[in-house]
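Here's the structure, in structure tokens; my notes come after.
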Amino acid sequence: MSEPTTNQRQPAIPGLEVEATAVVGIGLGLTGLALGLRPRLAPVALALTALTAALFRNPRRVPPDEPRTIFAVADGQVQGVREVYEHRFVHSDCLRLTTVVSPLDVPICRAPVAGHVVYLEQLMGDHRPLRDPHAPERNQRLYIGLETVWGPILLAIIASPLGRWLRCETTQGAMLNAGARIASIRFGGQVDLYIQRDVLEPLVAPGARTLAGRSRLGTVVV
């Protein structure tokens, strides 16, 4: 099965974002210059180039063909699974599955399930630490509401104090396959997935590591 696609330009360097091409090119050029002028600085330039390239990783992800599975939205660590009332889009008692994305995790967010984008809102905001209980409602954030065959899902992608590059990569009205790219958030953040409480049987617990478009968060039971 091929990877779900969007209208993104194809990268010149496989496994990296399009933006990484210029970064890697400049870094390698500086490394070569350092080798000629100050060889001791060449390893530093090369290490910085490698670190920068790591922040633009774009690994190929193909979700299994499991229509009743909810897949991870982002690479990171599950922080919690809680029951809450979601008032913005779902308007129902929900399970909120929270994943924390570290600055070194792959920054690409993916659709957890096939669905229709019917709600889209991006808000600027503060730069509070994610441990601040007000951060999810005050920091820069992106909301994506999906209508699926069995009900609505809301995704909240929240920037950390460092993760100020939050980019939406989908559009209102788009039809998405599971695993399709929907956003990117560099240098860390938090992703909250809201789904009606009686719809999902969770398969993860706090502390679990996730891969966007690959890890199973839960199974639809309706």
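Answer with yes or no whether Arg128 is buried (at least 21 other Cβ atoms within 10 Å of the Cβ), of a type in the set (Lys, Arg), in contact (Cβ under 8 Å) with a residue 24 or more places away in the chain and touching a strand residue (DSSP E or B) at 6+ places or on another chain (Cβ under 8 Å). When the stated conditions are applied, Arg128 does not pass them. For the condition in contact with a Phe, Trp or Tyr (Cβ under 7 Å, 6 or more places away or on another chain) and modelled with pLDDT of 95 or more, Leu142 does not qualify. Applying the criterion of at least 2 residues that are touching a residue at least 24 places away in the same chain (Cβ under 8 Å) and either of a type in the set (D, E, K, R) or surrounded by fewer than 18 Cβ atoms within 10 Å (Cβ to Cβ) (or both) to the strands (runs of 3 or more DSSP E) found wholly in segment 52-105 leaves 76-86, 92-101. If you go through segment 191-222 and keep only what is among the polar types (S, T, N, Q) and either part of a loop (DSSP other than H, G, I, E, B) or open to solvent by 10 Å² or more (accessible area, probe 1.4 Å) (or both), you end up with Gln196, Ser215, Thr219.
The values are calculated or read from the model by the stated rules, or taken from the named source; none is laboratory data. Here the structure is a predicted model, which is why all the values come from computation and not from measurement. Because the Cβ atoms are built from the backbone with ideal geometry, glycine has one as well, and the counts that use them run over all protein chains shown. To get the accessible areas, we keep the full protein, side chains included, count just its heavy atoms, and leave off ligands, DNA and RNA. Shrake-Rupley method; radii C 1.70, N 1.55, O 1.52, S 1.80 Å.
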